[in-house]
Amino acid sequence: MITILNWSALLIALVTSIGLLLHRDWRWGIGLLAIQYLSIFWLVQTHWPVSMAAAKLVTGWMACAVLGLAQLTKDPAEESEASWPQGRLFRLFTAGIIIAATFALSLLATGWLGIGMPIAFGSLLLVGMGLLQLGISAQPFRVILGLLTVLAGFEIIYAAVESSTLVAAFLSVVNLGLALTGAYFLILPQEEKP
């Protein structure tokens, strides 16, 4: 039963990470990130106590709330996509490459780290998709979503090898710091061009 739920959480992480890559509306981005934190919660709680994993979930949702409030105050006319290339087909193709590469790497990581396949695949998938998001977008909101996704993937694999409460608290502070930094850059007025 636990294995089926781990694979379900992996599937949710896969769908939400691809959704974050494809959807351009910030509301979808916040919603998908919040759902992604549910799958992160499940994958982390297999190695950490439920209370520590719940703290990770609450921290992720707080980061989503901070980014959502910052986006509400932003002028919609300023929102322009500055990424290359912009096609959904290209994003799907690169996501497929990331999925294939992380699957192959997770087969090796299960032996190296002694963790289950869903945990290794989920963590490496989120790291890869977050790096892809960082690589194809220059918009501050998309960059912060990519950074939070990379950090979430790292947290999953770190939870499998270490269960330090202090480090979990530090990672929560880093998550909130990223969200507050992203909110600052979203609210920061753009320089006037002559």
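Can you give the helix-only mean residue ellipticity at 222 nm for the chain, where every DSSP H stretch with n ≥ 4 adds -39500 (n - 2.57) and the sum goes over all residues, rounded to the nearest 500 deg cm²/dmol?
Taken over the chain, the calculation gives -28000 deg cm²/dmol.
Measuring from centroid to centroid over Cα atoms, what is the spacing of segment 121-194 and segment 9-78 in Å?
Their Cα centres are 10 Å away from one another.
Using 0.36 nm times the number of residues separating residue 187 and residue 11, minus their current alpha carbon distance, what extension gain do you get?
Taking 0.36 nm per residue and subtracting the Cα distance, the gain is 60.0 nm.
Quantify how much of the Cα-Cα distance distribution of the chain extends past 19 Å, in percent.
Counting every Cα pair in the chain, those more than 19 Å apart make up 57 percent.
Grab the other residues whose beta carbon is less than 14 angstrom from that of residue 48, score K and R as +1, D and E as -1, and report the net.
Here the count lands on -1.
Quick one: Karplus J couplings for segment 151-162, per residue in order, coefficients 6.51, -1.76, 1.60, θ = phi - 60°, nearest Hz, x for Gly and Pro?
Going residue by residue, I get 5, 5, x, 5, 5, 5, 6, 5, 5, 6, 10, 8 Hz, with x marking Gly and Pro.
Between residue 58 and residue 169, 0.36 nm times their residue separation minus their Cα-Cα distance comes to what?
On the way: separation 111, 0.36 × 111 = 39.96 nm, distance 1.20 nm.
Stretched fully, the residue 58-residue 169 segment lengthens by 38.8 nm.
Among 146, 168, 12, flag the residue with its Cα farthest along the positive direction of the charge dipole of segment 2-187, charges on Cβ as +1 for Lys/Arg and -1 for Asp/Glu.
12
Using the number of other C-beta atoms within 10 angstrom as an exposure proxy, rank 161, 58 with the fewest first.
Lowest to highest Cβ neighbour count: 161, 58.
Counting other C-beta atoms within 10 Å, and keeping those with at most 13, which DSSP coil GluC sites (Glu not before Pro) do you find in segment 106-194?
Qualifying residues, ordered by number: 162, 191, 192.
Within 13 Å, Cβ to Cβ, of residue 155, how many net charges do the neighbouring residues add up to if Lys/Arg are +1 and Asp/Glu are -1? Can you show the working numbers first?
Values: positive: 56; negative: 162.
My count for the surroundings of residue 155 gives 0.
No value in this document is a laboratory result; all are computed from the given coordinates. Computed from a predicted model, the values in this text were never measured in an experiment. Positions of Cβ are backbone-derived with ideal geometry, glycine not excepted, and every protein chain shown enters the neighbour counts.
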